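Taking it in order: structure first as structure tokens, then the write-up.
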Amino acid sequence: YWMTPTGLKPWQKKIEPILALAPPQTIKQLRSFIGMINFYRDMWRHRAHILTPLTALTKVPKNQFLQHWNAECDRAFAEVKAMICHEVLLTYPDPNLPYDIETDASDKQLGAVIYQEQKPIAFFSRKLTSAQTRYPTIDKEALSILETLQEFRPLLWGSKIRIYTDHKNLIYRNIKSQRILNWRMIIEEFTPDFFYKPGVENVVADTMSRY
């Protein structure tokens, strides 16, 4: 939370990537967005009702997607984003519980979600620089972990952290890349535990890194 002279305010950094989401331009992007929402199906009230105009749009021909996107879809998209942001800002992190972090990286962007007991605490997303887009995949994945930890250091420092990555090599110790070894030293300051999670199950972080 943000401590101000007038009292505590929600930490907007927790929801900035959600606020930044632009309306999908393809059915693939729409399905990715809906998949992220359905991942937290038990959290969002009236989720299915609000999503109705968007789920109906997944059945139109791919080449007619933008023709069918209308004002009702705009309203539904905005309502869903507002629903996510509202709940995330109201969710109190519990320092006595472990933080679970799922990360992912695409060709152009990093993404992550921090959650406790399956409830999202914060989202992270950032575009890669021109030089970073040329990094090997494993380096991008490691960078996503590093930047998420640094971005939310005040929240995460000193707590038990479990990191889930879809790049199996990152969970091993025999890493030969000097760049990753340097990053790993910074990451180890947080003393996290690493776990492998296949990309197909890494729904939310995947969406934040690609959409």
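Which one of 145, 86, 53 is farthest out on the positive end of the charge dipole of the chain, using unit charges on Cβ (Lys, Arg +1; Asp, Glu -1) and the Cα centre as origin?
Toward the positive end, the furthest listed residue is 53.
Which percent of the accessible heavy-atom area of the chain goes to carbon and sulfur, probe 1.4 angstrom?
Of all accessible area on the chain, carbon and sulfur atoms account for 53 percent.
Short version: ³J(HN,Hα) in whole Hz for each residue of segment 100-105, in order, from phi by Karplus 6.51 cos²θ - 1.76 cosθ + 1.60 (θ = phi - 60°), x for Gly and Pro, what are they?
3J(HN,Hα) across segment 100-105, in whole Hz: 9, 10, 10, 10, 7, 9.
If you average the C-alpha positions of segment 47-75 and of segment 104-155 separately, how far apart do those two centres end up, in angstrom?
Centre-to-centre distance over Cα atoms comes out at 29 Å.
Please compute the modelled spin-label separation between residue 42 and residue 134, points set 7 Å along Cα→Cβ, answer in nm with one decimal.
Taking the two extended label points, one gets 4.7 nm.
Mind ranking 117, 201, 141 by accessible surface for me, highest first, 1.4 Å probe?
So, going from the largest accessible area down, we get 117, 201, 141.
Based solely on C-alpha atoms, express the radius of gyration and the Dmax of the chain in angstrom.
17.9, 53
Over segment 70-130, give the accessible area per residue in Å² for a 1.4 Å probe, as an integer. Intermediate values should be presented prior to the final figure.
Details: 2770 Å² over 61 residues.
Result: 45 Å² per residue.
Work out, step by step, the length gained on full extension between residue 150 and residue 188: first 0.36 nm times the residue separation, then minus their alpha carbon distance; give nm to one decimal. Walk me through the numbers on the way to the answer.
Numbers: separation 38, 0.36 × 38 = 13.68 nm, distance 1.19 nm.
Length difference between fully extended and current span is 12.5 nm.
Restricting to the chain, what percent of DSSP beta bridges are antiparallel, rounded to 5?
70 percent
I want to make sure I understand the PRE zone here: with the label point 7 angstrom from the Cα of residue 160 toward its beta carbon, which residues in segment 185-211 have backbone N atoms less than 20 Å away?
In segment 185-211, the label zone of residue 160 (backbone N under 20 Å from the point 7 Å along Cα→Cβ) covers 188-197.
With 31 Å as the limit, write out which pairs from 59/81; 9/168; 28/140; 28/160 have Cα-Cα distances beyond it, or answer none.
With Cα atoms farther than 31 Å apart: 9/168; 28/160.
When the chain is fully extended, how far beyond the present Cα-Cα distance does residue 19 get from residue 177, taking 0.36 nm per residue of separation?
Here the segment from residue 19 to residue 177 would lengthen by 53.4 nm.
The values are calculated or read from the model by the stated rules, or taken from the named source; none is laboratory data. A quick note: this is a predicted structure, and the numbers were derived from the prediction, not measured. Cβ sites come from the backbone with ideal geometry, for glycine too, and all protein chains shown count toward neighbours. Remember, those area values only see protein heavy atoms, side chains included, never the ligands or the DNA or RNA. Shrake-Rupley method; radii C 1.70, N 1.55, O 1.52, S 1.80 Å.
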